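Single-structure report; data block below.
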Amino acid sequence: MSTQNKIDYSLFKCEVYNPDGSFLKDARFNAYHYFYCENLVPGSLYFLVFSYDDILIECMQFRCQQAGKVAYLYPLHVVFNNEVSNLPPRLLEALRTKIEKRLKYDVPVMPWAKQTMLNYFAENPNYMCNKYTVSKISCYGVGGDITSRVR
Amino acid sequence: MARLSNGFLGNASGKIGNVVFARWRNIFTARQYQPDIEDAKTPAQLKQRSRMVALLQFLKPLNKSFIKRFNASLDKNSTPWAVAIKANMKAVSPDACMHLEDLSLGAPSVPAVKMLSAAYNPFINQMLLTYTSGQNYPIPKSMPLVLASVLGKYKSQGDSHAFDTRNLITEQPAGSFFSPFSDGFKYDNYDNFWDVGLLWLSLFEAEKAAAPMNLNDSLAAPVSFIPEPLIEYFNNDYTEDLIPIEAISWEFSDMPGEDVLVFTIDLEKTLITDPEDAAIGMVLVSLNTEKVEYIKPDAWQLVDASFTVTVGDTKALGSFIVLYGVVNKDLEQISRFNRFYVNKNIDGLELPLFQQLFDTGYTHPLSFILPGNTCGFCGSLDELFYDFVSFWERLYHKDDPPPEPPTVYKLSLTLVGPGDVIVEGCEYIDESFYYFNDGESAQLTIQPDDEAHFLKWQGPDAVDVTLKETGVYYLLMSKDRDITAAFELDVPEV
């Protein structure tokens, strides 16, 4: 019986892009597989691109309104933000290689992404986006203050 | 007290006989007139009144924050404050004392978690709570959304109560609570060091994400904790600052085989009058690449103008947080604890505090309060991309070569004439091409427009197209394919 090979965490990347498709910076990683990025502007929109060995995993659309806050991105944070949109065309072009590699490896959509889509489609039945293609990549809104929705 | 729905005397206000009419929150009420009590100082009344005063003093600082948030949805016919008074009167002892542990807010419906530890870290001014839910606890096993509310209470000064109400509701990792702290590293700030505290948890599920959340829907009963400082003798009992950090300076020095940090003191910037009767107790934590190490406490007799701490030849490549207090020759503390950050390594490289704390994993980055008008994000790859990691590790094995992507073939479909073709079975679509995994079949359903019909398949691969049923064809994708569907208008009958 062969032993499963461990994933190489050093091949993960989290890149931050501006909406115009220009690259801004890379997030930091530590030995405990956490990522962290600072010095972003509250209220501004950024696109976070997570990849492994240049294979696109998922994209997020980050906007935090609170100065000083480090938003904690975890599965239900994404689901509760409940936002799905398409990548802007210029960014799509910048990520073309990553997207094609994703499609070649047939990388599964993460469960939280599926759940976000389900919730979002339930609220927005006219939104058409349910399959990865080179010309259409979904990204999920993050960074919103979930606690403001608690009564 | 009677409630008048329409006001049988109109919108009555005032007293008739022994009935008093009044208006309270747009509700017209009538109640029996209670004349002034002549002697309200019986022992029982005094006792009851002192209990009520104690309760009001305790709850008042929480009225606009915790009481409002937890009690707002409980009783539509009452105020959050009134609900809090009613719920907590029983928590006041006969001698008019109330403890935070007995505070009752909201309507918890889930059992309390078990607190494992409540550690206060004076090096970064952080309270870290760890808890476990135990078996059969309704925390969702995957994708939990855990909102934590933590109320800290500072040491009481007489009858007044001071609370830390900043952690009203925050997103936290399951199993932990990290109090936030700022980067400015103000040396006299220990505002996350509480005398006692209460933790509430609210748990939510993904399916309810679209709807507004009610805090009380899945609120766990609170659990109390008493913080334990990481440094055994740490306290914030002293306010006097005999040796401010401005009086201390530092520099690295490399000695044969080991590096040292040399501290010097400018006594003129201190309030120390007799250096022979004062010493600094100093503890350091080293933040170096991926490692955190504590350097054992040592005493610096202030008759010596400088003090040397041996840090070895690797720690000096990182940065240090220094915590110090001042004692007299009887080892009694005589001044407050202070701390400062040694922000450069021996090579002069600047190492920002938060980056160092993150790189070494000293604490969770969600607890950082960033300076100025900035924000950021953090997260765990294992938490967000667990399924990708599993997918990848299943894809190939140790002795296998790295995985090859599956072979994909391209179908080029051209339409000629009035009609369309629906293509099914493809992996993905790129512009006008359809991509299929090796060995899959393309299902081609022809759809001529009105008054038109399908003529034939054309192109180099037309011969491989096979008819499945009327209007539906198959094409085996064993290589790149190029076909054309030709349609033409029906010939009108003469």
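Key figures
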| item | result |
| --- | --- |
| Selection count where residues are of a type outside the set (D, E, K, R), within 14 Å of chain A (Cβ to nearest Cβ) and either assigned to a helix (DSSP H, G or I) or over 30 Å from B:Ile169 (Cβ atoms) (or both), scope the stretch B:329-368 | 11 |
| Qualifying position, being assigned to a strand (DSSP E or B), crowded, with 19+ Cβ neighbours inside 10 Å and touching a strand residue (DSSP E or B) at 6+ places or on another chain (Cβ under 7 Å), among B:Val260, B:Val326 | B:Val326 |
| Condition check for B:Val146: closer than 19 Å to B:Pro111 by Cβ and either surrounded by 20 or more Cβ atoms within 10 Å (Cβ to Cβ) or among the β-branched types (Val, Ile, Thr) (or both) | yes |
| Candidates B:Tyr473, B:Tyr435 - the one that is part of a strand (DSSP E or B), in contact with an Asp or Glu (Cβ under 9 Å, 6 or more places away or on another chain) and more than 12 Å from B:Thr414 (Cα to Cα) | B:Tyr435 |
| Residue count, the stretch B:76-92 (criterion: among the basic types (Lys, Arg) and not in a loop (DSSP other than H, G, I, E, B)) | 2 |
| All positions within the stretch A:40-56 that are at the interface with chain B (Cβ under 8 Å from one of its Cβ atoms) and more than 8 Å from the chain's Cα centre (by Cα) | A:Leu40, A:Val41, A:Pro42, A:Tyr52 |
| Residue within the stretch B:213-225 that is of a type in the set (Val, Ile, Thr) and within 20 Å of B:Arg166 (Cα to Cα) present | yes |
| A:Glu93, sole failed condition from (1) part of a strand (DSSP E or B); (2) more than 10 Å from every other protein chain (Cβ to nearest Cβ) | (1) |
| Matching residues in the stretch B:39-65 - criterion: being of a type in the set (S, T, N, Q) and modelled with pLDDT of 90 or more | B:Gln57, B:Asn63, B:Ser65 |
| Looking only at the stretch B:421-451, and only at residues there that are closer than 16 Å to B:Thr484 by Cβ and not β-branched (Val, Ile, Thr), the one that is surrounded by the most Cβ atoms within 10 Å (Cβ to Cβ) | B:Leu444 |
| Top-ranked residue of the stretch A:34-59 - restricted to ones that are of a type in the set (D, E, K, R) and part of a loop (DSSP other than H, G, I, E, B), ranked as surrounded by the most Cβ atoms within 10 Å (Cβ to Cβ) | A:Asp53 |
| Residue in the stretch A:102-114 that is more than 8 Å from chain B (Cβ to nearest Cβ), basic (Lys, Arg) and surrounded by 22 or more Cβ atoms within 10 Å (Cβ to Cβ) present | yes |
| Lone unmet requirement of (1) assigned to a helix (DSSP H, G or I); (2) within 30 Å of the chain's Cα centre (by Cα) for B:Ser73 | (1) |
| Verdict on B:Ile272 being more than 18 Å from A:Tyr36 (Cβ to Cβ), at pLDDT below 90 and either within 14 Å of chain A (Cβ to nearest Cβ) or in contact with a Leu (Cβ under 7 Å, 6 or more places away or on another chain) (or both) | no |
| Residue list for the stretch B:267-291, restricted to those being part of a helix (DSSP H, G or I) and under 18 Å from B:Phe340 (Cβ atoms) | B:Leu267, B:Lys269 |
| Residue count for the stretch B:100-118, restricted to those that are surrounded by fewer than 15 Cβ atoms within 10 Å (Cβ to Cβ) and touching a residue at least 40 places away in the same chain (Cβ under 8 Å) | 4 |
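Yes/no per residue for (1) without any contact (Cβ under 8 Å) to a residue 40 or more places away in the chain; (2) under 30 Å from B:Leu100 (Cβ atoms):
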position: B:Asp195; (1), (2): no, yes
position: B:Leu199; (1), (2): no, yes
position: B:Phe234; (1), (2): no, yes
position: B:Ile248; (1), (2): no, no
position: B:Glu293; (1), (2): yes, no
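Rundown of residues vs (1) among the aliphatic types (A, V, I, L, M); (2) within 7 Å of chain B (Cβ to nearest Cβ); (3) assigned to a loop (DSSP other than H, G, I, E, B), yes/no style:
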residue: A:Glu15; (1), (2), (3): no, no, no
residue: A:Lys25; (1), (2), (3): no, no, no
residue: A:Tyr32; (1), (2), (3): no, yes, yes
residue: A:Gln61; (1), (2), (3): no, no, no
residue: A:Ala67; (1), (2), (3): yes, yes, yes
residue: A:Ser85; (1), (2), (3): no, no, no
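So that you can scan it fast, the table gives a plain yes or no per residue for (1) surrounded by fewer than 17 Cβ atoms within 10 Å (Cβ to Cβ); (2) at pLDDT 90 or above:
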{"position": "B:Pro352", "(1), (2)": "yes, yes"}
{"position": "B:Thr363", "(1), (2)": "no, yes"}
{"position": "B:Cys378", "(1), (2)": "no, yes"}
{"position": "B:Leu381", "(1), (2)": "no, yes"}
{"position": "B:Arg394", "(1), (2)": "yes, no"}
{"position": "B:Asp400", "(1), (2)": "yes, no"}
{"position": "B:Pro406", "(1), (2)": "yes, no"}
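The values are calculated or read from the model by the stated rules, or taken from the named source; none is laboratory data. Owing to the predicted nature of the structure, the values given are computational and were not obtained by experimental measurement. Note that each Cβ is placed from the backbone with ideal geometry, even for glycine, and that neighbours are counted across all protein chains shown.
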